Amino acid sequence: MALADTFQSIVDSLPDDWTDLELDFRLVDETRYIEAATLLVTCNAQPYSKHDQHWKLLVAHRFGHAAAVPAVHAALRLLDDVAIDGTLTVTDVRTGRVEVTPTWGRPRSVVDEFRRIRAQ
């Protein structure tokens, strides 16, 4: 299965309230490390070390300090397009967290609209 399709199946299997996803991506062919690193920069992949050919991919669902699902999917699709093979492993999933935004001093209509948008 292609990397992008594998990633999409992982995301589709998660509950709707997931917030953070951590994946481990390992290259099959170490000689393509530089090429893969160039393509993975678009989703801010973090290499584990200079000697290992694998990265940590941090993905955010609706908010947070990580790459968005479409950005990670696009990066993995780029790897598929140039036939770079690897494996994806889920290392951590966080669910049930809620974004906290200070609403002090804001009009009630803004607070209500924010809650309405985030309740979806």
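What separates the Cα centres of region 1-41 and region 58-120 is a distance of 15 Å. Each Lys or Arg adds one and each Asp or Glu subtracts one; over the other residues with Cβ under 15 Å from the Cβ of V41, this totals +2.
Modelled label positions at H65 and R106, each set 7 Å beyond Cα in the direction of Cβ, lie 2.1 nm from each other. Restricting attention to the chain, close to 90% of DSSP beta bridges with both partner residues there are antiparallel.
If you plug the beta carbon distance of Y48 and D12 into 1/(1 + (r/R0)^6) with R0 = 25 Å, you get a FRET efficiency near 0.40.
Taking 0.36 nm per residue of separation and subtracting the current Cα-Cα distance, fully stretching the chain between E113 and D85 would add 5.7 nm. Report summary: the helix-based calculation at 222 nm, which adds -39500 (n - 2.57) for every DSSP H run with n ≥ 4 and divides by the residues of the chain, gives -11000 deg cm²/dmol. Computed from point charges on the beta carbon alone (+1 for Lys and Arg, -1 for Asp and Glu), the dipole magnitude for region 3-118 about its Cα centre is near 720 Debye.
Name the residue from H54, A71, A2 whose Cα lies farthest towards the positive end of the charge dipole of the chain, charges +1 on Cβ of Lys and Arg and -1 on Cβ of Asp and Glu. Toward the positive end, the furthest listed residue is A71. (1) 57, 27, 23; (2) 43, 33, 18; (3) 56, 47, 21: which one is Cα extents along the principal axes in Å as calculated from this entry? Correct label, based on the coordinates given: (1).
Read the figures in this text as sums done on the coordinates, not as results from a lab. Worth saying up front: this structure is predicted, and the values here are computed from it rather than measured. So basically every Cβ, Gly included, is an ideal-geometry build from the backbone, and we count neighbours across all protein chains shown.
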